[in-house]
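Here is the structure we will look at.
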Amino acid sequence: MDRVGQRRWFADREVIPTAVAEIVDAIKNMEDRQERIEALIALANRFREVPPEIATRPFPDTNRVPACESQAYVFAFPSDLGLEFHFAVENPQGVSAKAMAALLQKASCAPLDQILSIPEDLVYDLFGRELSMGKSAGLMEMIRMVKALAKASNRVD
Amino acid sequence: MNRAIEERGYAIADALVSTEWVARHLSDPGVRVIESNEDPLLYPSGHIPGAVEVDWTRDLNDPLTRDYIDSEEFASLMSRIGVTPDTTVVFYGDRNNWWAAYAFWVFSLFGHENARIMDGGRIKWVNEGRELTTEVPVYPATTYVANPRDDVSNRAFRDEVLMHSKMRNVLIDVRSPEEFSGERLHMPDFPNEGALRGGHIPGAVNVPWAKAVNPEDGTFKSYDELMELYGQYGPDEDVIVYCRIGERSSHTWFVMKYLLGFPNVRNYDGSWTEWGNGVGLPIEK
């Protein structure tokens, strides 16, 4: 919350999907590092891989997140409720990528302007500033790819 | 260690231990297993039973000076993880032991020579279906008197590298060919950040670090295979290795110093993030 009681995301940035903002707010306000890490692992454990009716292996390179060392893939699927986002994380050690995927799944069916307002540096709010360049780059690229797919889908519509 | 590692013919085969060896020594009070990763969620999500975590940013670096911890801080770290000068420390981690090798190198600055790397790293342990736990061990604090940090034997600084380059001594750039050529300022597919200029230090040759690893299981290649990569350099030559921040080159430093037994290998941890941005420092493309 800021000085006038507004959620900071809303106060100094564009509105982002509520379900995403709630998770980010909860985690970034955890002062204890261990508590934050446990929350991120719990988030990663909620990750669900893209269902086979939407995509199957081998996943196409066009859906692969460019800088992600965890070999993450993003899929945008138009449903009756809006655009759904689905993910795959091929590296079994990609716990952070799974956490990010679980978070971004919450952007499904949100309005386009809210999806496009998700800031890439949200990565640091979640994981802290101690990430390596490679790790932070990959996680940021997951956000960029979600936004790019949302934008492209809107263009088609 | 085990027979498979011995048969690979390394100069200092004791520098490596197998996953089997680690599994047999989980309860050995003289052994401390240390996990060092790039991904901060990996250790807490599950690690080798009894292993402690040493984090490359929080535990080894002094971010205010872009330097490493001093001997007092190192002694404090060793005390916290229950290590004495006689303890055998065994490093393992993600990314084919990148960060494990980096931690190994930092420990070498303080002369903790009783150190090993677990061949194949975390992924090999996991793929073999070996036990993981989320229980974080607590060991009785030790009294560890650390040596002063030795920044001479295994570490190189900018001015030394400049002279080394001018003298055309052996300089190995372990980054990707695209980074080496200047086509990229970063690892493949990574965003452009880290350095103003692309290219390499004059006189450097490009031997990407990952060539030292078997891609199928993350283990190190044999002595003969490694000599095919580095054998053109005389074992007594003065060698400096570098990458972007000194982590990938720690891996190559380990390979050359321990697996091949080259005595005079130093790691330039300033690496391309310093050199590529440095005023007055020449580059080649």
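The values are calculated or read from the model by the stated rules, or taken from the named source; none is laboratory data. Values in this document were obtained by computation on a predicted structure and should not be read as measured data. Note that each Cβ is placed from the backbone with ideal geometry, even for glycine, and that neighbours are counted across all protein chains shown.
Filter the stretch B:119-164 down to the residues that are under 30 Å from B:I283 (Cβ atoms) and touching a residue at least 60 places away in the same chain (Cβ under 8 Å) and list them by number.
B:R149, B:S153, B:N154, B:R155, B:A156, B:F157, B:R158, B:E160, B:V161, B:L162, B:H164
Regarding the stretch B:215-231, can at least one residue be identified that is among the aliphatic types (A, V, I, L, M), touching a Phe, Trp or Tyr at 6+ places or on another chain (Cβ under 7 Å) and over 20 Å from B:P177 (Cβ atoms)?
no
Taking the stated definitions as given, is A:L103 in contact (Cβ under 8 Å) with a residue 12 or more places away in the chain, within 14 Å of chain B (Cβ to nearest Cβ) and under 22 Å from B:R244 (Cβ atoms)?
no
Give the number of residues within the stretch B:49-86 that are in contact with a Ser or Thr (Cβ under 8 Å, 6 or more places away or on another chain), buried (at least 21 other Cβ atoms within 10 Å of the Cβ) and away from chain A (no Cβ under 14 Å).
Qualifying residue count for the region: 2.
Considering only the stretch B:90-132, state which residues are over 16 Å from B:W209 (Cβ atoms), assigned to a helix (DSSP H, G or I) and either basic (K, R) or more than 14 Å from chain A (Cβ to nearest Cβ) (or both).
Residues satisfying the conditions are B:V106, B:F107, B:S108, B:L109, B:R122, B:K124.
For the stretch A:103-132, which residues satisfy the criterion of being over 11 Å from the mean Cα position of the chain (by Cα), among the aliphatic types (A, V, I, L, M) and buried (at least 18 other Cβ atoms within 10 Å of the Cβ)?
A:A110, A:L131
Could you tell me whether the stretch B:39-47 includes any residue that is closer than 15 Å to B:F91 by Cα, within 14 Å of chain A (Cβ to nearest Cβ), in a loop (DSSP other than H, G, I, E, B) and out of contact with any His (no Cβ under 9 Å at 6 or more places or on another chain)?
Looking for residues that are closer than 15 Å to B:F91 by Cα, within 14 Å of chain A (Cβ to nearest Cβ), in a loop (DSSP other than H, G, I, E, B) and out of contact with any His (no Cβ under 9 Å at 6 or more places or on another chain), one finds none in the stretch B:39-47, hence no.
For the stretch B:104-129, how many residues meet the condition of being at pLDDT 95 or above, surrounded by fewer than 15 Cβ atoms within 10 Å (Cβ to Cβ) and among the charged types (D, E, K, R)?
Result for the stretch B:104-129: 1.
For B:S79, only one of the following conditions fails: (1) part of a helix (DSSP H, G or I); (2) without any contact (Cβ under 8 Å) to a residue 24 or more places away in the chain. What is its number?
(2)
Residues in the stretch B:19-32: is at least one touching a residue at least 40 places away in the same chain (Cβ under 8 Å), more than 30 Å from B:Y223 (Cα to Cα) and either touching a helix residue (DSSP H, G or I) at 6+ places or on another chain (Cβ under 7 Å) or assigned to a helix (DSSP H, G or I) (or both)?
No, the conditions are met nowhere in the stretch B:19-32.
Looking at A:R64, is it within 14 Å of chain B (Cβ to nearest Cβ) and over 30 Å from A:E35 (Cβ atoms)?
Judged against the criteria, A:R64 is a match.
Among B:G276, B:G261, which is the only one that is out of contact with any strand residue (DSSP E or B) (no Cβ under 6 Å at 6 or more places or on another chain), more than 14 Å from chain A (Cβ to nearest Cβ) and small (G, A, S)?
Going through B:G276, B:G261 in turn, the sole match is B:G261.
Output the residues belonging to the stretch A:121-157 that are assigned to a loop (DSSP other than H, G, I, E, B), on the phi < 0 side of the Ramachandran plot and at the interface with chain B (Cβ under 10 Å from one of its Cβ atoms).
Result: A:R129, A:E130, A:L131, A:S132.
Pick from B:E72, B:E53: which is in contact with a strand residue (DSSP E or B) (Cβ under 8 Å, 6 or more places away or on another chain), in contact (Cβ under 8 Å) with a residue 12 or more places away in the chain and among the charged types (D, E, K, R)?
B:E53
Kindly list the number of the only condition in (1) surrounded by 22 or more Cβ atoms within 10 Å (Cβ to Cβ); (2) touching a strand residue (DSSP E or B) at 6+ places or on another chain (Cβ under 6 Å) that fails for B:A101.
(2)
Only residues that are within 14 Å of chain B (Cβ to nearest Cβ) and in contact with a Lys or Arg (Cβ under 9 Å, 6 or more places away or on another chain): list them for the stretch A:78-96, please.
Correct list: A:V89, A:E90, A:Q93, A:S96.
Mind listing just one residue for me: the one in the stretch A:68-90 that is in contact with a strand residue (DSSP E or B) (Cβ under 8 Å, 6 or more places away or on another chain) and in a loop (DSSP other than H, G, I, E, B) and, of those, surrounded by the most Cβ atoms within 10 Å (Cβ to Cβ)?
Filtering first and then ranking leaves A:S70.
Given the condition more than 19 Å from B:W98 (Cβ to Cβ), of a type outside the set (F, W, Y), within 14 Å of another protein chain (Cβ to nearest Cβ) and surrounded by fewer than 24 Cβ atoms within 10 Å (Cβ to Cβ), answer yes or no: does some residue in the stretch B:180-189 qualify?
yes
Of (1) among the charged types (D, E, K, R); (2) assigned to a helix (DSSP H, G or I); (3) within 30 Å of B:V83 (Cα to Cα), B:D150 satisfies all except one. Which?
(2)
Sort out which residues of the stretch A:28-43 are within 12 Å of chain B (Cβ to nearest Cβ) and within 19 Å of A:D121 (Cα to Cα), and write them in order of number.
Listed by number, the residues that qualify are A:R33, A:R36, A:I37, A:A39, A:L40, A:L43.
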